[in-house]
Each structure stands twice: as structure tokens, then as C-alpha cells.
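Contents: one structure, followed by commentary.
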Amino acid sequence: MPVLNVERPAFMAEEELNIFEDAAGRFFEEHASPEATARWRENGVVDRDMWTRAGQAGLLGLSIPEEYGGAGGDYRHEVILMEQLAAKGVDGFGISLHNAIVAPYILHYGAEEQRRRWLPRICTGELVTAIAMTEPGAGSDLQGVKTTAVRDGDDYVINGQKTFITNGQTANLIAVVVKTDPAQGARGTSMIFVETDNAPGFERGRNLHKLGQSAQDTSELFFNDVRVPAANLLGGDEGQGFFQLMGQLPQERLNIAVGGIGAIEAALALTIDYVKQRTAFGKKLIDFQNTQFKLAECKTEATVARVFVNHCIEQHLKGKLDAATASMAKYWVSDLENKIIDECLQLFGGYGYMDEYPISRMYRDSRVQRIYGGTNEIMKILISRTL
Ligand SMILES: Cc1cc2nc3c(=O)[nH]c(=O)nc-3n(C[C@H](O)[C@H](O)[C@H](O)COP(=O)(O)OP(=O)(O)OC[C@H]3O[C@@H](n4cnc5c(N)ncnc54)[C@H](O)[C@@H]3O)c2cc1C
């Protein structure tokens, strides 16, 4: 039974999407069992062959047209995949970044030759992608990026350092945000793809230990005179990087909200189940008015969030989701996710603090949602510009 009393919106209520949802759910049950995900967390990285399996199951490149090897779907398929990741407790698998952040850059801004060169291999899992924007000295303020790409004949030579890069140990196709003209801010910024399988001077640094998302190989990357063909400049024109980033960030922020509401629904389902079983003072926890009121509040707020996220998805499908509304969704849903998961954990008592209870992991995993994809403070700056 769905945990919220919100009907699936008409634009999501299609038989084909239900079939896809079942298939994605079964895929994770089979290939991301609790044993497998525990191993990934232990190793700090998802098994490499998970990507190939996902490719074989048709889960990579969901919204990439069939002519480039994709599934020919749209953002609704990406939404369902993100919901299933949350519902099945698959944390740390950077598939949505691959599918719904990096691949769209190539599809929307790439030259035809770049699409044909990279997208089919992205869809099979031969190429795993990452996007490297953040540097030790430039996070929120991306104009401060110091990594440079200097044109030398038919190549660019890249020098610099990136950090906090999702899929950093696994990725072999990395979209690197660089300065092609360091004298300029936004207009001197470009995005260059680096195929790392044969890239002397490219080095992976530490797979960073984190508060949560332990199965995710968030890493440092180093570029020391890395040569890439000039044909790897996204779109072919220098100075477009910032505009390309701005164009895709609404979807990136909506992804975080979609993942957030998925996590909220999963946490509520786990908690409602638990409080109906656990007893104290001769009663079920659900029979205490405090439990009822807390969960009534959580369910109300989750319902508001779900309706708003559905509205944003619909706007996005129509090509009308503006940056400020996407920022509202990102900041408000991720704040709510942290608040609700905290309330849920409290209802588990000491068990909620134990690793073997998924709610403790959800508590740790959710914290970063307020930080990455642009911090929630930066979201508020973007929203205030529309006042
Ligand atoms: C798990 C994880 C995965 C990530 N994955 C990626 C990835 O794949 N690729 C990538 O490029 N990056 C990634 N990041 C980086 C992430 O996007 C940055 O951490 C984030 O943008 C914040 O930058 P920062 O860490 O440098 O913080 P800072 O920019 O130093 O911010 C520190 C604090 O100051 C506040 N602040 C900054 N500027 C302002 C302002 N103008 N007004 C008010 N407050 C302000 C911030 O909100 C924050 O609270 C990831 C980060 C994490 C933790």
C-alpha cells in the first residue's frame, strides 16, 4: 500500500511506466540485495559489473534516444529509477548522475560526433561517467575554478585538481569544468570530456571517507598535463561551460528533490511498520498519542512535498521548470527529508542508532542532500533573485 494518499499524477499513470517500475524494482532486488549493498558500503564502491548489468537491463541512458543506444524514454523513467533506488535501499550507486546529469550534457550540447562517440557506450555501461566541477578552493563559487585547459595544436592540456567527485574511482568518462580563458570568469569556463582509460597524467586520489553514502566512491581527481583531443570540448566552442551548467542545473536539483521524497516515503513506510510491532508499557508504539501525532505531522508534510515534487516534474516535462522553482524543490525537500528521517529514527529508539537498522543509514545518507547540487543556502540566493 502506498504510504501517502497521493494519487499518481496522470502524466505518470501509464501502463508502460508501471511495467518499467516493476522491472527496475526487480533488477535492484536481484542485483542489489542487502548482502551486495553491505559489501559495497564496506568496499566504499559499487561493484563495477553492476554498471554493465544495469546496461544489459536497459537501465542506463533511459532518456537517451534509441538512435544513440538509449532506451528512448524521458524524464519520467529517470524519476521511477530514482524512486526505486530509494524504495529498495540502494544507496551510493551513482546511476542517476550518469543517466540524468552527465548524459544529458552530451545529448543537449554535444556535437553530433560526440553524441555518437560517447552515448552508445554510456548506455551499455562500458563508459561510466562523472562530472568534475568542485575543487578544493571552489565549491559554491564555481567561477573560482582554477583547473585550466590550454590549447596546444589539436589537443587541450589540462592541469588542476578536483574533489568530492561522485563515481570518482569508477568513472572512465569525466566531464571536467575548466578555464579555457583564466582571465575571464563565466565566459572563460568550458566543459571538456576526459576519457581516462588512456590519459597519462590523470590520477585518482583518495576515495573519501564520508558521514554517509558509504558505497559511493566520492573522490579526489588530479590532472597533470593531461592531453585530450580538442574534439572533446563539449559543443566545440570555448567559453560555453557556465551556460551549459546553468541549463542543466534545474534537472540536477529536481533529481535531488525526487530522491528526497523517495527517501521520505521509504523512511515513513519503515517507521509505520516498526511502531505497529514494537511494544512499550504494554502497548504498541503506534498507540501512544505522541507517535500518532509525530507520524501525522510527517505524513502531512510528506504529502505537501510529494504534490510539489509532482508539480515540478510535470513542469520539467513541459520544459517549463525554472531555476528558482527547481531550487525551492531542492532546498525544501532536502530539509524536510532530514527532518522527517530524524523524527522517524527517534521512534526506533536505540535500534534507530544501530547500523543494522536501515533508518540509521538513511539518516546519515540524507545529510548530504542539503549540501551537494548547490548548497541550500545557494538555493535561497537563487530564489531571492526572483523576489
Ligand atoms: C557526497 C558528495 C558528492 C558530491 N559530488 C560532486 C560531484 O559529483 N561533482 C562535483 O563537482 N561536486 C560534487 N560535490 C561537491 C558539492 O557540490 C559541494 O560540496 C557544494 O557545492 C558546496 O561547495 P563546498 O563544499 O566548497 O562548500 P563552500 O562553498 O565552501 O560552502 C561552505 C558554506 O558556506 C556557505 N556559502 C557559500 N557561499 C555562500 C554565499 N554566497 N552566501 C551564503 N552562504 C554561502 C555554503 O552554503 C556552506 O554552508 C559533492 C559533495 C559531496 C559532499
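The values are calculated or read from the model by the stated rules, or taken from the named source; none is laboratory data. Note that the structure is predicted; figures quoted are calculated from it, not measured. Methodologically, a virtual Cβ is constructed for each residue, glycine included, from the backbone with ideal geometry; neighbour enumeration extends over all protein chains shown. The accessibility values were calculated without ligands, DNA or RNA, using every heavy atom of the protein model including side chains. Shrake-Rupley method; radii C 1.70, N 1.55, O 1.52, S 1.80 Å.
Of the helices (runs of 4 or more DSSP H) entirely within the range 286-373, those holding at least 1 residues that are in contact (Cβ under 8 Å) with a residue 60 or more places away in the chain and touching a Cys at 6+ places or on another chain (Cβ under 8 Å) occupy 323-347, 358-366. Which one is farthest from His108 (Cα to Cα) among residues in the range 241-287 that are charged (D, E, K, R) and under 23 Å from the mean Cα position of the chain (by Cα)? This residue is Glu265. Note on the range 10-98: enclosed helices (runs of 4 or more DSSP H) holding 2 or more residues that are more than 26 Å from Ile359 (Cα to Cα) are 15-31, 49-56, 75-87. Just a yes or no: is a residue in the range 204-217 more than 24 Å from Asp365 (Cα to Cα), in contact (Cβ under 8 Å) with a residue 24 or more places away in the chain and either in contact with a strand residue (DSSP E or B) (Cβ under 6 Å, 6 or more places away or on another chain) or within 16 Å of the ligand (Cβ to nearest atom) (or both)? Within the range 204-217 (the criterion being more than 24 Å from Asp365 (Cα to Cα), in contact (Cβ under 8 Å) with a residue 24 or more places away in the chain and either in contact with a strand residue (DSSP E or B) (Cβ under 6 Å, 6 or more places away or on another chain) or within 16 Å of the ligand (Cβ to nearest atom) (or both)), the answer is no, since none of the residues qualifies.
Just one of the listed residues (Tyr331, Tyr351) is of a type outside the set (Asp, Glu) and buried (at least 16 other Cβ atoms within 10 Å of the Cβ), namely Tyr331. The number of residues in the range 267-303 that are surrounded by 13 or more Cβ atoms within 10 Å (Cβ to Cβ) and either closer than 30 Å to Leu249 by Cβ or of a type outside the set (D, E, K, R) (or both) comes to 18. Write out, first by first residue and then by second, each pair whose Cβ atoms fall under 9 Å of each other, whose residues are 6+ apart or on separate chains, and whose first residue, in the range 157-169, is over 14 Å from Ile95 (Cα atoms) while the second is open to solvent by 50 Å² or more (accessible area, probe 1.4 Å) and near the ligand (Cβ under 7 Å from one of its atoms). That search, which allows pairs on different chains as well, returns Phe164/Tyr372. Consider the range 103-157 and keep the residues that are open to solvent by 50 Å² or more (accessible area, probe 1.4 Å) and within 16 Å of the ligand (Cβ to nearest atom). The one that is modelled with the lowest pLDDT is Gln143. Determine which member of the set Glu16, Glu67, Glu29, Glu78 is in contact (Cβ under 8 Å) with a residue 40 or more places away in the chain and either open to solvent by 30 Å² or more (accessible area, probe 1.4 Å) or not acidic (Asp, Glu) (or both). Within the list Glu16, Glu67, Glu29, Glu78, the selection yields Glu29. If only residues of the range 164-178 that are out of contact with any helix residue (DSSP H, G or I) (no Cβ under 8 Å at 6 or more places or on another chain) and assigned to a strand (DSSP E or B) are counted, the one that is most open to solvent (accessible area, probe 1.4 Å) is Phe164. Please work out if Phe242 is within 15 Å of the ligand (Cβ to nearest atom) and either open to solvent by 10 Å² or more (accessible area, probe 1.4 Å) or of a type in the set (A, V, I, L, M) (or both). Considered against the rule, which asks whether it is within 15 Å of the ligand (Cβ to nearest atom) and either open to solvent by 10 Å² or more (accessible area, probe 1.4 Å) or of a type in the set (A, V, I, L, M) (or both), Phe242 comes out as yes. Keeping to the range 178-203, report how many residues are basic (Lys, Arg) and without any contact (Cβ under 8 Å) to a residue 12 or more places away in the chain. The number of residues fulfilling the criteria is 0.
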